[in-house]
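Notes for the one structure printed next.
The values are calculated or read from the model by the stated rules, or taken from the named source; none is laboratory data. Please read these numbers as outputs of a predicted model, since none were measured by experiment. Cβ: placed from backbone, ideal geometry, glycine included. Neighbour counts: every protein chain shown. Just so you know, the surface numbers come from the protein's heavy atoms only, side chains and all, with ligands and any DNA or RNA stripped out. Shrake-Rupley method; radii C 1.70, N 1.55, O 1.52, S 1.80 Å.
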Amino acid sequence: MSALIRYQNPISSLLDEFFNDSFSLTGRDVSGTTWPNVDIAEQESSYVLRADLPGMKKNDIKVEVENGVLTISGEKRDERSTERDRYSHYERSYGRFSRTFYLPEHVDQNGIEARYTDGVLELEMKKAEKAKPRAIEVKVK
């Protein structure tokens with residue numbers, strides 16, 4: 001078993017605990033992992049989710065937020081051409097997908113921004129003002 005696979009489940013479990021990550025996936029998934037793969041990082045004023053969606057067009061990706069639930073869905077089309085090419089090996093994933101994340105309460109659902117560049121979907125989810133750390137001045141009387 002490779003080190004990557006051995007550590008994947010504990011890391012997924014940590015993400016599951018924090019984001020209550022649940023997902024459904026249809027289509028071909030040759031790797032046995034959740035697709036698309038995502039990374040979630042916490043920054044001072046936001047969370048950043050990056051999803052690998054290589055070869056997809058922006059119009060084939062849908063991002064929705066409703067009642068504290070973030071859903072990334074879409075369809076990656078099968079690019080194989082049976083007319084010209086004879087494949088002896090094919091591992092690239094295709095088909096419909098959907099990943100759902102239950103957002104922490106302190107994420108400002110109206111402050112989510114999405115960018116798609118070079119096959120990577122990046123969602124920046126701003127923290128609500130009350131969730132940001134702040135200094136409180138102590139006054140002496």
Only one of 12, 31, 24, 2 that is more than 21 Å from residue 91 (Cα to Cα) and either at pLDDT below 90 or of a type in the set (Ser, Thr, Tyr) (or both): 12
Contacts under 7 angstrom Cβ, first residue in the range 79-105 being open to solvent by 100 Å² or more (accessible area, probe 1.4 Å), partner at pLDDT 85 or above and outside any strand (DSSP E or B), 6 or more apart: 102/68
Residue list for the range 95-118, restricted to those being within 19 Å of residue 44 (Cβ to Cβ) and of a type in the set (A, V, I, L, M, F, W, C): 103, 107, 112
First in the range 110-133 and among the β-branched types (Val, Ile, Thr), second anywhere and assigned to a strand (DSSP E or B) and open to solvent by 80 Å² or more (accessible area, probe 1.4 Å), Cβ under 7 Å, 6 or more apart: 120/50
